[in-house]
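*Asks:* Have a look at the structure that comes next, please.
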2 protein chains.
Amino acid sequence: MDRQHDGSDVPVSTPTPRGRDEIRTAALDAAERLLRANPPDSVSMRAIAEEANITYSLLNRHLGTKQAIVDAMLARFEDRWRVRAAGADLAGALGMMMGDDPDAGTFLRLLAWSILSGDADLSTYRRHSAMHELLPLVDEAGGEASGEGPDAETVVAAGMAMIYGWRFFNPFITRMLDLEGADVERLHTEMGRILRERATG
Amino acid sequence: MDRQHDGSDVPVSTPTPRGRDEIRTAALDAAERLLRANPPDSVSMRAIAEEANITYSLLNRHLGTKQAIVDAMLARFEDRWRVRAAGADLAGALGMMMGDDPDAGTFLRLLAWSILSGDADLSTYRRHSAMHELLPLVDEAGGEASGEGPDAETVVAAGMAMIYGWRFFNPFITRMLDLEGADVERLHTEMGRILRERATG
């Protein structure tokens with residue numbers, strides 16, 4: 001970025017966050033910037049503290065371990081999606097989740113990292129989950145269908161499994177099936193259609 | 001395990017593997033035992049060498065890095081599935097993959113670990129992939145359906161995405177949807193049905 005020359009050579013420094021909320025937000029923003037671009041294992045607590053312009057001990061006191069930071073980030077992602085899903089219909093909500101939201105890639109990498117470590121406390125962000133917003137939409141969409149289809153929970157569980165599986169494992173799946181040259185956009189459209197058809201019975 | 005007392009206190013030792021193939025097999029078997037039970041990050045090259053009853057330098061010379069060992073394990077899992085899928089029909093092959101094969105959990109944890117590290121060389125085991133066995137089965141099953149459905153590659157890609165996503169992320173998905181008390185067996189049956197219905201148009 002250009003910095004306007006004002007006659008001084010003092011670099012413009014990031015303001016130091018102060019107080020519980022400011023420190024917490026600065027730390028989570030810093031972690032998000034670093035983890036969006038780098039493998040989870042390569043991002044240290046010290047790097048997060050430095051990026052947030054706070055000391056390591058302040059980071060540790062206010063947020064705890066790296067797993068606790070990741071848990072807080074996952075909850076924050078879910079909060080954003082819940083707000084956005086709240087106003088959408090089923091097609092819109094599924095489209096949003098199948099789409100190329102860059103948050104989704106980071107979210108799934110962090111979720112996978114947590115599952116592999118075995119240390120995640122999943123119960124902490126259950127109440128944040130955007131998945132709950134989908135249940136009434138599925139119920140509503142399938143309202144006029146016969147009663148013999150799967151219930152809303154099963155449809156949402158299967159749909160989330162497909163979305164998560166595709167978004168996280170697709171570098172592998174496309175390679176194995178020689179789909180690299182294929183139109184990924186079309187593949188997304190087809191999968192969205194499979195989910196919508198299923199959801200509406 | 002009980003060991004029969006034979007009057008000596010010398011412990012029964014694992015035979016030392018000799019020669020390229022024996023060393024390679026012993027190392028992969030040892031890695032599989034350790035990685036089946038422990039998070040990938042916690043299993044060191046030294047632990048694998050010790051479990052295989054070979055030296056660290058022998059392990060390193062014959063198999064290379066930990067990522068190379070993981071790549072070789074993934075190819076070996078695929079080889080086993082390819083052999084088993086070859087004789088099955090579509091329902092059998094999908095059932096096998098949705099079922100509780102303990103290899104599948106280990107396979108997906110290692111695949112996730114590779115994706116997170118960003119170092120996996122996916123091209124090395126493309127030729128091992130069992131996914132290819134599914135393509136003709138899907139084509140065959142959908143043979144009499146109208147031509148407007150998705151092609152076999154899309155159905156298999158969507159199906160593998162759902163299977164992988166469910167098997168790897170289900171501790172999270174079931175928690176978020178309060179499905180812990182639900183009949184997971186029934187959920188598997190329902191998902192298998194969704195995949196089969198889809199595959200057969």
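*Asks:* For A:Val138, only one of the following conditions fails: (1) at positive phi; (2) at pLDDT 75 or above. What is its number?
*Replies:* All conditions are met except number (1).
*Asks:* Looking at A:Val155, A:Val184, can you tell me which residue is modelled with pLDDT of 75 or more and of a type in the set (Val, Ile, Thr)?
*Replies:* The match here is A:Val155.
*Asks:* Residues of region A:85-94 being part of a helix (DSSP H, G or I) and over 20 Å from A:Ala161 (Cα atoms), which ones?
*Replies:* A:Ala86, the sole residue that qualifies.
*Asks:* List pairs: first in region A:99-123 and more than 12 Å from B:Pro39 (Cβ to Cβ) and more than 7 Å from every other protein chain (Cβ to nearest Cβ), second buried (at least 18 other Cβ atoms within 10 Å of the Cβ) and among the basic types (Lys, Arg), Cβ under 7 Å, 6+ apart or cross-chain?
*Replies:* A:Ala104/A:Arg167; A:Gly105/A:Arg167; A:Leu108/A:Arg167
*Asks:* From the list A:Ser117, A:Ser57, A:Ser123, exactly one residue is at pLDDT 80 or above and within 27 Å of B:Ser114 (Cα to Cα). Which is it?
*Replies:* Exactly one of A:Ser117, A:Ser57, A:Ser123 is at pLDDT 80 or above and within 27 Å of B:Ser114 (Cα to Cα), namely A:Ser117.
*Asks:* Scan region A:35-54 for residues that are surrounded by fewer than 18 Cβ atoms within 10 Å (Cβ to Cβ), assigned to a helix (DSSP H, G or I) and either at pLDDT 95 or above or under 14 Å from the mean Cα position of the chain (by Cα) (or both) and report the count.
*Replies:* Looking only at that region, the number is 6.
*Asks:* Since A:Ala30 meets every condition but one in (1) surrounded by 21 or more Cβ atoms within 10 Å (Cβ to Cβ); (2) within 13 Å of chain B (Cβ to nearest Cβ), which condition does it not meet?
*Replies:* (2) is the only condition that A:Ala30 fails.
*Asks:* Then there's this: State all residues of region A:86-105 that are more than 26 Å from A:Asp21 (Cα to Cα), modelled with pLDDT of 80 or more and surrounded by 15 or more Cβ atoms within 10 Å (Cβ to Cβ); if no residue qualifies, say none.
*Replies:* A:Ala88, the sole residue that qualifies.
*Asks:* Please go through region A:67-85 and pick out each residue that is free of Cβ contacts under 8 Å to residues at least 40 places away in the same chain and crowded, with 21+ Cβ neighbours inside 10 Å.
*Replies:* Listed by number, the list holds a single entry, A:Phe77.
*Asks:* While we're on this one: Give region B:102-131 a look and list any residue that's more than 13 Å from B:Phe77 (Cα to Cα) and touching an Asp or Glu at 6+ places or on another chain (Cβ under 9 Å), or say none.
*Replies:* Within region B:102-131, B:Trp113, B:Ser114, B:Leu116, B:Ser117, B:Ala120, B:Asp121, B:Leu122, B:Thr124 qualify.
*Asks:* Would you pick out the residues in region A:17-27 that are touching a residue at least 40 places away in the same chain (Cβ under 8 Å) and surrounded by fewer than 15 Cβ atoms within 10 Å (Cβ to Cβ)?
*Replies:* Once the filter is applied, which keeps residues that are touching a residue at least 40 places away in the same chain (Cβ under 8 Å) and surrounded by fewer than 15 Cβ atoms within 10 Å (Cβ to Cβ), region A:17-27 yields only A:Arg20.
*Asks:* Another question about this same structure. Do any residues in region A:43-64 that are assigned by TED's automatic domain parsing to the domain that holds A:Arg24 have Cβ atoms under 6 Å from those of residues that are hydroxyl-bearing (Ser, Thr, Tyr) and outside any loop (DSSP other than H, G, I, E, B), where the two are at least six apart or on different chains, and which pairs are they?
*Replies:* Correct list of pairs: A:Arg46/A:Tyr56; A:Ala49/A:Tyr56.
The values are calculated or read from the model by the stated rules, or taken from the named source; none is laboratory data. Quantities reported herein were computed from a predicted structural model and do not represent experimental measurements. We place every Cβ from the backbone using ideal geometry, glycine too, and count neighbours over all the protein chains shown.
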